[in-house]
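Q: First, the structure itself, so that you have it in front of you.
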Amino acid sequence: MTAVNPHYLKLQGSYLFSTIAKKVAAYKEAHPQTQVISLGIGDVSQPLVPAVVEALQQAGREMGQAETFRGYGPEQGYEFLRKTVLQGDYLSRGLALSADEIFISDGAKSDVANFQELFSSSARVALQDPVYPVYLDTNVMAGRTDVYKNGRYGGIIYLPCTEENNFLPQLPREHADIIYLCSPNNPTGAALTKTELKKWVDYALEHHSIILYDSAYEAYITQAGVPHSIYEVPGAEKVAVEFRSFSKTAGFTGTRCAYTVVPKGVMLTTPDDGKVSLHSLWLRRQTTKFNGVPYIVQRAAEAVYSPQGRAQTRAVIGMYQQNAAVILSALKEAGLTAFGGQNAPYIWLKTPQGVDSWSFFDKLLVEAQVVGTPGVGFGACGEGYFRLTAFNTPQLTAQAARRVADLTF
Ligand code: PLP
């Protein structure tokens, strides 16, 4: 029989969302009359905005005409979208990059998952705890970790993000080759300021490390001093890759479009002490393993940057931000301590003394019929915390918030 990739056997079952689904289903079956409201989902509730729908329809019509039909497109994305992203997200902010440093993809999840294959299997990985699980699991699959013991994989440098450090990762004492930073953060909602981010860029410059900067929630930043791109920090163009997504910016979770910035100045060493550019390797990887994002989807993403597209998507984001404010104020009313929600659609609340993440989940479900996500599901440092999201509709969010505010803890 063919042998399995042994590293897959180290993976821990992803019980988090299936356990939540089972508990909710059991509760609903026992209480068919009650309305359970989910503030647990990381998916959007609002439809695509009219400017995006119009672009999809127009591009769909083009695909139905022989003169404008398109087959395979460039694997890295159409020039029209790369140039629009460059102008809209970088040149307009005074950040000098070129269009061919922007790679259009079908999601930040796949890009951030695939990127690690460009690095040596012995590269040391540092990541935040709690964390978006994709960074960790893809490195486990690639064999960069030892076995899982006492809640941790051997070989990984965990960066605890706790109340004491405002949920911001601190520089490790040891050397890290690959550093995953997620800011604004899922699940904690914390965002690195430019000063904090500079420490990481300086560390990476000094240690010749690579920063994989996941900024899927950039559109939710409201605070001055929080950078909208890692390239606002001088030197980042030599050490950092930036991942961005249209999923939470423009409701593309089901439409699928994202982009990754790989500056040409980021270098890796070769076994003979030479240098190779990360950009050339990612281009090689994408042209070999990926066939591009549909033309109609790229036209839809382009429409996000039109004046109407911008205004319409900003209005939706504003609505989710308002949901976050409603949730935060309800938690305060209930006497709970909560973080996040200011630069991210996530609220990270501290469970009351002596109540663990799962007990809090049960209490919220049974007493308020509200569903959230136990913090411990995102890592050991998430124990004693609980994540609520601002992505539900304003009506259901307000209803859920009222129920939580009325609870006694
Ligand atoms: N990165 C983070 C931190 C996320 O929370 C998510 C989605 O929840 C993604 C990436 C995935 O984004 P996409 O829909 O573009 O694959």
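The values are calculated or read from the model by the stated rules, or taken from the named source; none is laboratory data. Keep in mind it's a predicted model, so treat the numbers as computed, not measured. So basically every Cβ, Gly included, is an ideal-geometry build from the backbone, and we count neighbours across all protein chains shown. Just so you know, the surface numbers come from the protein's heavy atoms only, side chains and all, with ligands and any DNA or RNA stripped out. Shrake-Rupley method; radii C 1.70, N 1.55, O 1.52, S 1.80 Å.
Q: May I ask you to verify whether residue 112 is within 16 Å of the ligand (Cβ to nearest atom), among the β-branched types (Val, Ile, Thr) and closer than 30 Å to residue 154 by Cα?
A: Numbers: within 16 Å of the ligand (Cβ to nearest atom): yes; among the β-branched types (Val, Ile, Thr): yes; closer than 30 Å to residue 154 by Cα: yes.
Yes, satisfied.
Q: Give me the helices (runs of 4 or more DSSP H) completely within segment 241-352, filtered to those with at least 1 residues that are more than 16 Å from the ligand (Cβ to nearest atom), ordered by residue number.
A: Once the helices (runs of 4 or more DSSP H) in segment 241-352 are filtered for at least 1 residues that are more than 16 Å from the ligand (Cβ to nearest atom), what remains is 278-289, 295-303, 307-333.
Q: Could you please let me know if residue 368 is buried (at least 18 other Cβ atoms within 10 Å of the Cβ), over 24 Å from the mean Cα position of the chain (by Cα) and not assigned by TED's automatic domain parsing to the domain that holds residue 213?
A: Against the criterion (buried (at least 18 other Cβ atoms within 10 Å of the Cβ), over 24 Å from the mean Cα position of the chain (by Cα) and not assigned by TED's automatic domain parsing to the domain that holds residue 213), residue 368 qualifies.
Q: Next question. For segment 235-262, how many residues meet the condition of being in contact (Cβ under 8 Å) with a residue 60 or more places away in the chain, over 22 Å from residue 74 (Cβ atoms) and open to solvent by 30 Å² or more (accessible area, probe 1.4 Å)?
A: 3
Q: Same structure, new question: Sort out which residues of segment 375-391 are open to solvent by less than 10 Å² (accessible area, probe 1.4 Å) and part of a helix (DSSP H, G or I), and write them in order of number.
A: 375, 382
Q: Test residue 220 against the criterion of being buried (at least 20 other Cβ atoms within 10 Å of the Cβ) and not polar (S, T, N, Q), and give yes or no.
A: Values: buried (at least 20 other Cβ atoms within 10 Å of the Cβ): yes; not polar (S, T, N, Q): yes.
Answer is yes for this residue.
Q: Would you mind stating whether residue 81 is in contact with a strand residue (DSSP E or B) (Cβ under 8 Å, 6 or more places away or on another chain) and either within 16 Å of the ligand (Cβ to nearest atom) or under 30 Å from residue 303 (Cβ atoms) (or both)? Write out each step before concluding.
A: Working: in contact with a strand residue (DSSP E or B) (Cβ under 8 Å, 6 or more places away or on another chain): yes; either within 16 Å of the ligand (Cβ to nearest atom) or under 30 Å from residue 303 (Cβ atoms) (or both): yes.
It is true that residue 81 is in contact with a strand residue (DSSP E or B) (Cβ under 8 Å, 6 or more places away or on another chain) and either within 16 Å of the ligand (Cβ to nearest atom) or under 30 Å from residue 303 (Cβ atoms) (or both).
Q: Looking only at segment 24-63, count how many residues are assigned to a helix (DSSP H, G or I), closer than 24 Å to residue 401 by Cβ and open to solvent by 70 Å² or more (accessible area, probe 1.4 Å).
A: Matching residues across segment 24-63 total 1.
Q: A follow-up question, please. In segment 93-109, how many residues are hydroxyl-bearing (Ser, Thr, Tyr) and under 15 Å from residue 287 (Cβ atoms)?
A: Number satisfying all stated conditions: 1.
Q: Inside segment 223-234, can you point out the residues that are open to solvent by less than 10 Å² (accessible area, probe 1.4 Å) and either of a type in the set (Ser, Thr, Tyr) or more than 16 Å from the ligand (Cβ to nearest atom) (or both)?
A: Listed by number, the residues that qualify are 227, 229, 233.
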